[in-house]
1. Only one of ASP121, ASP137, ASP149 is touching an Asp or Glu at 6+ places or on another chain (Cβ under 7 Å) and not small (Gly, Ala, Ser); which?
2. Looking only at strands (runs of 3 or more DSSP E) that lie completely in region 178-272, which have at least 3 residues being at pLDDT 85 or above and within 20 Å of ARG107 (Cβ to Cβ)?
3. Identify the single condition in (1) farther than 19 Å from SER251 by Cα; (2) modelled with pLDDT of 95 or more; (3) assigned to a loop (DSSP other than H, G, I, E, B); (4) not aromatic (Phe, Trp, Tyr) that GLU139 does not satisfy, given that it satisfies every other one.
4. Could you check VAL146 against (1) crowded, with 21+ Cβ neighbours inside 10 Å; (2) within 16 Å of the ligand (Cβ to nearest atom) and say which number it fails?
5. If I ask for residues that are among the basic types (Lys, Arg) and open to solvent by 60 Å² or more (accessible area, probe 1.4 Å), which ones from region 76-122 would you list?
6. For ILE14, state whether it is of a type outside the set (Asp, Glu) and open to solvent by 100 Å² or more (accessible area, probe 1.4 Å).
7. Read through the list (1) under 17 Å from GLU124 (Cβ atoms); (2) more than 8 Å from the ligand (Cβ to nearest atom); (3) at pLDDT below 95, then give the number of the only condition that GLY172 fails.
8. For region 125-136, which residues satisfy the criterion of being open to solvent by 20 Å² or more (accessible area, probe 1.4 Å) and outside any loop (DSSP other than H, G, I, E, B)?
Amino acid sequence: GPITTDMKTLTEEIGKFAKDKRIEIDTLKIREEYRKDFLGNVSHELKTPLFTVQGYIETLLDGAIDDKNVRRKYLQRASKGVDRLIYIVKDLDLITKLEVGDLNLKREPFDIIELIQNVFDLLEMKSAKKKIILTFDMEYDEPIIVFADKEKIQQVVTNFLVNSIKYGHTNGTTEVSVENLIKNKVIVRVTDNGEGIPKQHIPRLFERFYRVDKSGSRSEGGSGLGLAIVKHIVEAHGEKIYVESEMGVGSEFSFTLEKAKEKHLAKASPKI
Ligand code: ADP
């Protein structure tokens, strides 16, 4: 009769409700794990430079400050430690914003070739120090106008290039190319002839704090957030990111961008 049917419906409803709640609790548990993991990683990342700074300051206070020859050196090292802390905190701030979706992209038309050249110039000292040459691999020499958030794309290009220098060999080369794809898109490729990345690590490279060689990378002084930030930015644009790498040969990181359309250009420079 109708009562049994109702009972059956009710039992099903309760079952479904319980299942939903279980899933909800599972999700919360995963989130909680994630949060704990994140905080653990953050404090770990901050500890190393903090102890470095503390060490130099204490040594100075213990008397090294009176030694004209060492005080400058120690202060410089302490200052470098503070720079590193600032760098990590900035990255943390950015990744937090990216993860809560608080990105606020400001798209505009700009020349991607000019932007890359700009990043080359900014990284000149860094690359010269390791005798790494940054080059364009381009057949043509014309501007390529894309439509994206310029500042954020500069961050993407910078992170890729900084990595290619950090994990590149002395006297190495990093090549950047921009190529037309179908459907009004371009692909930007950053190719190095550095140490390469072991296959098993590739799927996890874009996770925050993930590093192939913990000790080695640490001495290179990254935050382990660079690629996670890059992935967020590219995906927020609705674009794709790729990596290919071979041990002993090198790595290639690439991402797509949308070319500016007539209407974007018209908006950028209104005709009077
Ligand atoms: P990090 O601050 O450690 O550089 P990233 O998120 O930028 O953090 O990179 C994650 C890891 O990916 C690095 O620690 C490094 O092991 C590896 N990696 C990134 N780029 C390259 C590259 N061009 N060549 C070799 N390994 C790389």
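1. ASP137 is the lone residue from the list that is touching an Asp or Glu at 6+ places or on another chain (Cβ under 7 Å) and not small (Gly, Ala, Ser).
2. Values: elements: 185-192, 241-246, 250-258.
Filter on region 178-272 gives 185-192, 250-258.
3. With respect to (1) farther than 19 Å from SER251 by Cα; (2) modelled with pLDDT of 95 or more; (3) assigned to a loop (DSSP other than H, G, I, E, B); (4) not aromatic (Phe, Trp, Tyr), GLU139 is out only on (2).
4. With (1) crowded, with 21+ Cβ neighbours inside 10 Å; (2) within 16 Å of the ligand (Cβ to nearest atom) applied to VAL146, the lone miss is (2).
5. If the condition is that a residue be among the basic types (Lys, Arg) and open to solvent by 60 Å² or more (accessible area, probe 1.4 Å), then ARG77, LYS80, LYS90, LYS97, LYS106, ARG107 are the ones that fit.
6. Numbers: of a type outside the set (Asp, Glu): yes; open to solvent by 100 Å² or more (accessible area, probe 1.4 Å): yes.
When the stated conditions are applied, ILE14 passes them.
7. If we test GLY172 against (1) under 17 Å from GLU124 (Cβ atoms); (2) more than 8 Å from the ligand (Cβ to nearest atom); (3) at pLDDT below 95, just (3) comes out false.
8. Passing the criteria: MET125, LYS126, ALA128, LYS129, ILE133, LEU134, THR135, PHE136.
The values are calculated or read from the model by the stated rules, or taken from the named source; none is laboratory data. Keep in mind the model is a prediction, meaning the values are calculated, not measured. Ideal geometry is used to build each Cβ from the backbone, glycine not excepted, and the neighbour counts take in all protein chains shown. The protein model used for the area step is the full one, side chains on, heavy atoms only, and it has no ligands, DNA or RNA in it. Shrake-Rupley method; radii C 1.70, N 1.55, O 1.52, S 1.80 Å.
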